[in-house]
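Student: My questions will all concern the structure given below.
What follows draws every value from the coordinates through simple rules; no lab data is involved. Just so it is clear, the structure is predicted and the values come from calculations on it, not from any experiment. All Cβ positions, glycine included, derive from the backbone under ideal geometry; neighbour counts span all protein chains shown.
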Amino acid sequence: MSVQSRIEDVLAPLGLDVGFSARHLSSGEVVSIAPRRLFPTASVYKVPLMVEVYRQADKGRFALSDRIGLSEAHRIIGSGVLQKLGGGLAPTIRDLAMLMIVVSDNTATHMLQELVGAEATTATMRRLGLQDIHVSLPMPALFAHGYGIPPVPPPTYGEMLAASRERDMDLAGLAFRRSPENTTSSAQDMAALCAMIHEGKAGSAAACADMMEILRAQQLRDRVPRFLPAGAVANKTGSFRRIRNDAGIILRGEGDAIAFALFTDDPTALPRGNSATLGRRNAQVDLAMAEVGGILWEEFGAGRR
């Protein structure tokens, strides 16, 4: 059975909408499912944002060692630790990039996106030849549209927190739309961006090496890297209601790497809140993504089968 068939057999029974692309970098071999279909990226968009942070640092706009003071206006709900820490803390820009990637810190992300700009990030993707990566919404707007509250003026941390506790997500809203007006990407272009970072083509050689170091420090390893050796995957996950994504580089050895992106949208009607039903369904999707990672590790690429 081919790698393509094995991956399809893992994902098809779940009834997910899938965008998937994987490329064995040395041989050029590709396996994919709807690779150009746009999906909401959720936190996977933090990879292109990191690329823009390093680009602007290389241009001399700021140094990665510069510090940004944490203010109340920076706090964002969801993943991460900075939202719960005291005001006045001043991490370096590189610290913020590390937090944004390895624990998917939304507050760190907001601070960096304010620093470099969404439009500049999208423009850099175009210069890299990536037409499908759209960084369109700041973090407060993403959560405002996600919970159906006014995005202007930007909601406060308290307003976002209250909405997340009192409302179900607005699945018909902009935060779930598959268009450039939302922060979206195809699997093909996100995998290509990860390959560029690994190959030193997404910025300077030093910048790409440091970005790879950050991606390899990832602590969220319950999807594609789950069954693979420690340190063998440099990746970034993304999660939102219905959305469970992962993208990065599988590192099997010198000259043997796989760039991948796996985006999923789950149409299953699920109760709001942290119910057992929701938890079990998310665990099923995560397990399937881990099985895809195992197939890629064991079988994909010239000479593996």
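Student: What percentages make up the Cα-Cα pair-distance distribution of the chain when the bins are 10 Å wide from 0?
Tutor: Going out from 0 Å in 10 Å bins, the chain shows 6, 29, 37, 22, 6, 0 percent.
Student: So what is log10(I(q)/I(0)) for region 4-88 at q = 0.14 1/Å, when the Debye sum runs over its Cα atoms only?
Tutor: Calculated log10 I(q)/I(0) at the listed q: -0.82.
Student: Any chance you could run the full-extension gain for ASP17 through SER275? It's 0.36 nm times the residue separation minus the Cα-Cα distance, nm to one decimal.
Tutor: Working it through step by step, the gained length comes to 90.6 nm.
Student: Turning to a different aspect of this structure: For region 170-305, what is the Kirkwood hydrodynamic radius in Å, using each pair of distinct C-alpha atoms?
Tutor: 16.1
Student: I've got another one for you. Provide the FRET efficiency to the nearest 0.05 for the LEU64-GLU199 pair, computing r from the beta carbons and using R0 = 22 Å.
Tutor: Rounded to the nearest 0.05, the efficiency is 0.55.
Student: Of the peptides 58-65, 130-137, 29-36, how do they stack up when ordered by the mean number of other Cβ atoms within 10 Å, highest first?
Tutor: Highest-to-lowest ranking by the protection proxy: 130-137, 29-36, 58-65.
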